[in-house]
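Accompanying notes for the structure given below.
The values are calculated or read from the model by the stated rules, or taken from the named source; none is laboratory data. Since the structure is predicted, the reported quantities are computational estimates derived from the model, not experimental observations. FYI the Cβ positions are ideal-geometry reconstructions off the backbone, even for glycines, and counts take in every protein chain you see. In case anyone asks, the SASA skips ligands and DNA or RNA and just uses the protein heavy atoms, side chains included. Shrake-Rupley method; radii C 1.70, N 1.55, O 1.52, S 1.80 Å.
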Amino acid sequence: MTRGDRFGVLAGVAVLLMGGAFVVTQFDTRADLPAQVVPDDANTKIVARHLRALQGIADDNDGTRAAGTPGYTASRDYVVRVLERAGYEPTVQEFRFTTDSGSQITSWNVIAETAAGDPRHVVMAGAHLDSIPGGPGIDDNGTGTAALLATAQRTAGTKAVNRVRFAWWGAEELGLVGSTHYVEDLAASGGLRDVAMYLNFDMIGSSNYVRLVYDGDNSSFPEGGQAMEGPDGSGAIEKVFHDYFASRDLAAEETPLDGRSDYRAFVTHGVPVGGLFSGAEGSKTEPEASAFGGEPFAPYEPCYHRACDELGQVNMRAVGEMSHAVSHAVARLAATSSLEG
């Protein structure tokens, strides 16, 4: 996640996604797992295995998985291997860019989609794969990467009404470069009209976490302040996540569409967006500590954009709760063209 920050409380409304066609109505490595939680279900164990692999890649590559480094290339190759073993035919999209310091960097996005489902109605979900240059980036964004990869494995071979497309973005930490390149390229070719929505997962295992849902309807963070306007349909996606957490008796709050992560280019092009986040450099309030546990007045993630963003820092309870929400939302949105409540 790029720098800047967030926050607020619940909501949800009904709306329409893209052109009236898709209606959503109201409604294995050396690294050790963190000690505080032992994964107790199959999905969380799979996510944990991917996190261990990403930590191992960083350990083997000077402690980083940043764009333009061997650690990123190895991360890309790991994702491709997992997807191929699950039965996908992933595409590796290359792009080149110049950094603020004048360096020329080549990086890649990894894209994979299901064979089943209407290709004119695509539910897209993404997470950035790169870390900052100075750290392994296991929360930011190994957690989103791993949860999305586990969801893709679970989704492979299933039948659904809508096509599901997964994306692992390159060079997010250097200015949302990979996702912006992808969206602009797809818009130029006319393919963006087939994308009904985009779900974003960036930092979902912060050590002092909160369960945050993007405020798609701008009910908690009105557009024009720190928040971008959620395109029509974003509020309904938000409701899918709120309903899921409510069904599990888990508190959830909202975070603004402040443009700090890879959904930004989709918002700019009018694609409905949604997703999850567990906090970065901001500090947890007393009411949040009461609702979610953890330390009041302490950062959500004290290792945000630091070398200590390692596997041992990740809150596996957060990863378990949030990764289940990822899988639920992707499956729900893929399975029907009309969600009632």
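Things worth noting here:
- Equivalent-ellipsoid semi-axes for the range 150-277 (Cα gyration tensor, √(5λ), whole Å, largest first): 22, 19, 15.
- Kirkwood Rh (inverse of mean 1/r, distinct Cα pairs), the chain, angstrom: 19.5
- Span from the the range 90-121 Cα centroid across to the the range 127-188 one, whole angstrom: 9
- Beta bridges by DSSP in the chain, antiparallel share as percent, to the nearest 5: 45
- Ratio Rg/Rh, restricted to the range 206-334 and using Cα atoms, in which Rh is the Kirkwood radius: 0.96
- Phi angles across the range 216-222 convert, under the Karplus curve 6.51 cos²θ - 1.76 cosθ + 1.60 with θ = phi - 60°, into 3J(HN,Hα) values of x, 9, 6, 6, 9, 10, x Hz, Gly and Pro given as x.
- Using the Cβ-Cβ distance between residue 229 and residue 308 with R0 = 51 Å, the FRET efficiency computed as 1/(1 + (r/R0)^6) comes to roughly 0.90.
- Phi-derived couplings, Karplus 6.51 cos²θ - 1.76 cosθ + 1.60 at θ = phi - 60°, listed residue by residue for the range 105-112: 10, 9, 9, 8, 9, 10, 10, 8 Hz, with x used for Gly and Pro.
- Convex hull volume of the Cα atoms of the range 158-214, normalised per residue: 139 Å³.
- The Cα atoms of the range 43-113 give a gyration tensor whose axes a ≥ b ≥ c have a/c of 1.5 or more with a/b no greater than b/c, which makes the shape oblate.
- Leading residue at positive end of dipole, the chain (Cβ point charges), from 300, 66, 333: 333
- Shape class of the range 224-287 from the Cα gyration tensor (axes a ≥ b ≥ c, square roots of the eigenvalues): oblate, since a/c reaches 1.5 or more and a/b does not exceed b/c.
- Entry for the range 95-196 at q = 0.14, 0.22, 0.24 Å⁻¹: log10 I(q)/I(0) = -0.59, -1.17, -1.27, Debye formula applied to identical alpha-carbon scatterers, no solvent contribution.
- Accessible-area ranking of 219, 207, largest first, probe 1.4 Å: 219, 207
- Normalised by residue count, the range 275-314 yields a Cα convex hull volume of 84 Å³ per residue.
- Computed [θ] at 222 nm, deg cm²/dmol, the chain (DSSP H ≥ 4; -39,500 (n - 2.57); rounded to nearest 500): -10000 deg cm²/dmol
- FRET efficiency, residue 115 to residue 286 (Cβ-Cβ, R0 41 Å, nearest 0.05): 0.25
- Percent accessible area from carbon and sulfur atoms, the chain, protein chains only, probe 1.4 Å: 48
- FRET efficiency, 1/(1 + (r/R0)^6) with R0 41 Å, evaluated for residue 251 and residue 100 via beta carbons: 0.55
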